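The values are calculated or read from the model by the stated rules, or taken from the named source; none is laboratory data. Note that the coordinates shown come from a computational prediction; the quantities given were computed from them, not determined experimentally. Please note: Cβ atoms are built from the backbone with ideal geometry, for glycine as well, and neighbour counts cover all protein chains shown.
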Amino acid sequence: MKNIIKNFGYQLKILNSLYYLVFLTFFTDLSVIVVIKHVIAQAGFLNLALLSVLAALRVALYGGSYGIITEIISGQELFFKFKRFKQNIKDNWIFSVLLIVFILILYFIALINNAVSNTSLLSFFSYFDIVFCLGVGYLIMNKKYTFVRIEKIHFDAQLLFSMLLVYFVKIVLAYLLSNWNEGSTLVYKLIALTSQYLHFLLFVNIAMQLNKNCSSEFHRNETPELYLINPVMPGVLLPIEHAFIGNWYCFYPPAFVVIGALTPKKYKIREFYNIFWDDRYFKKGKLVAITCCTSNAHEAYRIAKGFKEKGSTVVMGGAHVTFVPDEALEYCDSVVIGEAVGVWEEVINDYEKGNMKKKYYGMDHLEYPESVHNTLMSLDNEIIPQFMQTTRGCKFNCDFCSTPVLCGPTIRKWPVENMVALIDKVRKKNKRILFLDDNIYADPKYYFELFEEIKKLKIKWIALSSLDIAKNDKALTLAKESGCEMLRFGYEISDQSEEKRHGGKLSLANEYRSLTRKVRSKGIHITAFLLFGFNSDNFKSLVNLIKFALVNPFLINLIMVITPFPGTMLFNKKVAANKMRNLNWMNYDTQHFVFKHDNINEAVYENALRVIGTILFYRPLAYVFLSVVFVWLAYVIFLGT
Ligand code: SF4
């Protein structure tokens with residue numbers, strides 16, 4: 001009994017992770033039924049065309065859904081991937097058509113013989129659900145994996161029990177639906193939706209049964225697997241976003257490209273990024289590489305611990321782990337300190353020999369290995385633009401930034417011809433490129449060499465830069481000519497701030513207004529990064545910051561709380577001064593004051609900054625909002641009673 005419940009729980013878990021497929025297919029079915037009614041009433045061209053489109057959509061959705069469920073059950077995939085879904089539509093649409101036609105024929109035969117006079121088509125399909133799911137499941141499995149002959153299929157007794165149970169409930173619902181007089185009520189639709197859910201649950205169950213009769217390579221577990229994981233960031237909205245749209249939109253982690261390039265081809269690589277973690281992904285006997293920054297370190301440690309407990313080998317890396325390796329080692333087997341380039345081959349070799357070291361030190365590489373470039377050239381056109389980085393490192397040395405500590409004073413540059421080749425490869429499908437450089441103007445000489453070439457490729461681009469680019473008119477003109485749409489500048493302080501006396505990049509504050517005007521005069525939009533919480537900041541600084549954000553022509557304002565990330569000079573200074581008040585890494589998200597401030601109440605300002613940051617985020621909207629508030633106040637004061 002315990003096993004039956006466990007198995008059933010697993011089936012529910014799989015299906016619940018694909019709930020949107022249940023909804024999508026359900027709404028498509030409803031639409032098909034509505035349009036069929038219209039066609040019966042009036043078979044006009046538009047109605048017939050709409051019906052054809054919906055029927056094609058239905059076939060595609062079902063084919064893709066059955067395929068993706070089969071792949072998840074077999075272990076080929078662990079979760080929904082849109083790319084696999086599309087492939088499954090291509091591979092399986094025909095099976096769902098064949099079986100629908102088969103059951104339709106049965107239905108019409110039954111109709112002719114008056115056997116189903118009181119049964120709707122939908123209910124009729126329910127009665128044949130087991131046959132249908134078995135048929136589709138068998139055809140998909142048989143095409144895809146090494147499969148036993150149909151007459152030798154062995155059915156598991158425990159799974160059979162839950163299958164019959166689900167089928168029984170489905171039959172009861174089908175009976176209810178076919179005897180329901182008011183077919184458009186909410187209750188009717190809820191029962192129909194439940195019935196749809198049970199249909200897929202039945203398919204999950206049958207796919208599990210059939211899977212036990214497969215002997216594919218996935219079951220023999222001979223292929224070594226590398227799990228690459230970049231956990232989700234904390235926050236209220238992100239988990240909701242992930243729950244609803246999964247990894248359909250996401251930013252491909254650059255570390256995956258590098259590690260993927262340096263891993264021997266015999267490894268099957270599974271990638272997890274922007275995934276709301278499900279414990280069923282924990283597996284034993286895998287090599288697991290987790291990269292994280294400070295704010296998602298908590299989640300990264302949880303995942304590392306889960307894999308270790310299952311019996312996998314876990315390696316962690318990334319900026320946070322580089323700065324606190326001993327903390328990370330409490331949860332994983334090994335850490336990579338610094339960049340994986342130059343050390344990842346050693347990690348793999350040691351893993352294969354079963355002789356992992358605790359710490360691996362990534363070496364300083366002035367250039368990326370050619371293998372990384374070659375891998376990039378072989379990747380999908382959608383992924384490459386998410387890894388466009390021309391340089392690493394920065395010429396400035398801001399104490400709150402981890403770049404100077406991570407990259408040192410040397411600026412690494414990708415060969416111009418490699419960058420040009422990459423952009424040339426993707427530009428047909430991706431006209432707009434976001435460069436990931438810490439500072440696109442880190443090395444002015446290289447900048448001129450590169451963008452003179454990029455100019456010929458006719459793309460649009462966006463990048464982070466230091467504002468000193470505006471001191472050189474030729475550099476700005478080249479930016480515009482090579483397709484720059486927006487530059488993202490770290491203004492950090494307002495031009496009234498005392499911090500400008502500290503020198504370095506902050507001393508540019510004296511010229512903020514004139515330099516900003518120059519950038520805008522070239523037609524380049526600006527995103528401004530503004531920090532609050534410097535030593536001298538107080539209420540007056542906040543007012544100055546708001547004025548600064550409104551007066552300057554920034555399209556987007558990102559206002560954040562200054563955060564001393566572990567490893568930065570600022571963190572060390574705050575620790576030395578005994579000012580750190582919060583070492584919960586989840587709060588290191590630039591929205592929380594994690595240190596004690598001398599002049600302000602941290603909690604009050606933290607919340608005030610969130611509100612101000614939201615209002616000022618998009619400058620045109622900020623003006624609309626402030627105008628509405630102004631008019632409302634004027635009305636209340638002068639005209640109100
Ligand atoms: S200019 Fe930007 S990237 Fe460079 S050190 Fe300062 S904050 Fe970091």
If we keep just the residues of the range 413-446 that are of a type in the set (K, R) and within 13 Å of K458 (Cα to Cα), which is surrounded by the most Cβ atoms within 10 Å (Cβ to Cβ)? R427
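Residues that are modelled with pLDDT under 90, touching a helix residue (DSSP H, G or I) at 6+ places or on another chain (Cβ under 7 Å) and within 30 Å of F147 (Cα to Cα): does the range 36-45 have at least one?
Within the range 36-45 (the criterion being modelled with pLDDT under 90, touching a helix residue (DSSP H, G or I) at 6+ places or on another chain (Cβ under 7 Å) and within 30 Å of F147 (Cα to Cα)), the answer is no, since none of the residues qualifies.
Do any strands (runs of 3 or more DSSP E) lying entirely in the range 474-564 carry at least 2 residues that are over 17 Å from A622 (Cβ atoms) and away from the ligand (no atom under 16 Å from the Cβ), and which ones are they?
Once the strands (runs of 3 or more DSSP E) in the range 474-564 are filtered for at least 2 residues that are over 17 Å from A622 (Cβ atoms) and away from the ligand (no atom under 16 Å from the Cβ), what remains is 484-492.
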Do you know which of the residues in the range 399-414 that are within 26 Å of I454 (Cβ to Cβ) and among the polar types (S, T, N, Q) is farthest from the chain's Cα centre (by Cα)? T410
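Matching residues to (1) more than 29 Å from the chain's Cα centre (by Cα); (2) assigned by TED's automatic domain parsing to the domain that holds A319; (3) within 12 Å of the ligand (Cβ to nearest atom); (4) modelled with pLDDT under 95:
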site: P385; (1), (2), (3), (4): no, no, no, yes
site: T391; (1), (2), (3), (4): no, no, yes, yes
site: I440; (1), (2), (3), (4): no, no, yes, no
site: I454; (1), (2), (3), (4): no, no, no, no
site: K458; (1), (2), (3), (4): no, no, no, yes
site: S465; (1), (2), (3), (4): no, no, yes, no
site: A470; (1), (2), (3), (4): yes, no, no, no
What are the pairs with Cβ atoms under 7 angstrom where one residue, in the range 1-28, is under 23 Å from L50 (Cβ atoms) and the other, located anywhere, is part of a helix (DSSP H, G or I) and of a type in the set (G, A, S)? Sequence gap at least six, or different chains. L21/S65; T25/S65
Which pairs do you get when a residue that is in the same structural domain as I69 (by TED's automatic domain parsing), found in the range 88-115, comes within reach of a residue that is assigned to a helix (DSSP H, G or I) and basic (K, R), reach meaning Cβ atoms under 9 angstrom, with the pair 6+ apart or on two chains? D91/K143; D91/K144; N92/K143; F95/K143; S96/R58; I100/R58
Check the range 473-486 and report whether any residue there is under 21 Å from I526 (Cβ atoms), of a type in the set (D, E, K, R), surrounded by fewer than 18 Cβ atoms within 10 Å (Cβ to Cβ) and at pLDDT below 90. no
Checking the condition among the charged types (D, E, K, R) and without any contact (Cβ under 8 Å) to a residue 12 or more places away in the chain, which residue from K445, K431, K460, K425 passes? K445
First in the range 490-511 and within 13 Å of F532 (Cβ to Cβ), second anywhere and within 15 Å of the ligand (Cβ to nearest atom) and assigned to a helix (DSSP H, G or I), Cβ under 7 Å, 6 or more apart: Y491/Y512; E492/L506; I493/E499; I493/K500; I493/L506; I493/A509; S497/A509; E499/L506
Filter result (buried (at least 18 other Cβ atoms within 10 Å of the Cβ) and more than 19 Å from R302 (Cβ to Cβ)) within the range 261-283: A261, L262, T263
Going through the range 400-438 in order, the residues found to be touching a helix residue (DSSP H, G or I) at 6+ places or on another chain (Cβ under 7 Å) and near the ligand (Cβ under 9 Å from one of its atoms) are F400, S402, D438
If you go through the range 430-448 one residue at a time, do you hit one that is touching a Pro at 6+ places or on another chain (Cβ under 9 Å) and either of a type in the set (V, I, T) or closer than 19 Å to S378 by Cα (or both)? yes
Scan E481, E417 and give me the residue that is farther than 22 Å from I384 by Cα and either charged (D, E, K, R) or in contact with a Lys or Arg (Cβ under 9 Å, 6 or more places away or on another chain) (or both). E481
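Going by the conditions given, is N355 more than 26 Å from the chain's Cα centre (by Cα), within 16 Å of the ligand (Cβ to nearest atom) and surrounded by fewer than 17 Cβ atoms within 10 Å (Cβ to Cβ)?
Working: more than 26 Å from the chain's Cα centre (by Cα): yes; within 16 Å of the ligand (Cβ to nearest atom): no; surrounded by fewer than 17 Cβ atoms within 10 Å (Cβ to Cβ): yes.
In short, no.
So that you can scan it fast, the table gives a plain yes or no per residue for (1) closer than 22 Å to S96 by Cα; (2) modelled with pLDDT under 90; (3) surrounded by fewer than 17 Cβ atoms within 10 Å (Cβ to Cβ); (4) in contact with a Gly (Cβ under 9 Å, 6 or more places away or on another chain):
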site	(1), (2), (3), (4)
D129	yes, yes, no, no
L159	no, yes, no, no
V166	yes, no, no, no
L176	no, yes, yes, no
Y197	yes, no, no, no
L201	yes, no, no, no
For the range 442-452, how many residues meet the condition of being more than 14 Å from the ligand (Cβ to nearest atom) and touching a Lys or Arg at 6+ places or on another chain (Cβ under 6 Å)? 1
With respect to L545, is the statement that it is among the hydrophobic types (A, V, I, L, M, F, W, C), surrounded by 15 or more Cβ atoms within 10 Å (Cβ to Cβ) and under 18 Å from S494 (Cα atoms) true? yes
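Considering only residues that are of a type in the set (A, V, I, L, M, F, W, C) and closer than 24 Å to F276 by Cβ, which ones fall in the range 7-65? Spell out how you get there, then give the answer.
From the range 7-65, those of a type in the set (A, V, I, L, M, F, W, C) are 8, 12, 14-15, 18, 21-24, 26-27, 30, 32-36, 39-41, 43, 45-46, 48-51, 53-57, 59-61; that's our starting set.
If the condition is that a residue be of a type in the set (A, V, I, L, M, F, W, C) and closer than 24 Å to F276 by Cβ, then F8, L12, I14, L15, L18, L21, V22, F23, L24, F26, F27, L61 are the ones that fit.
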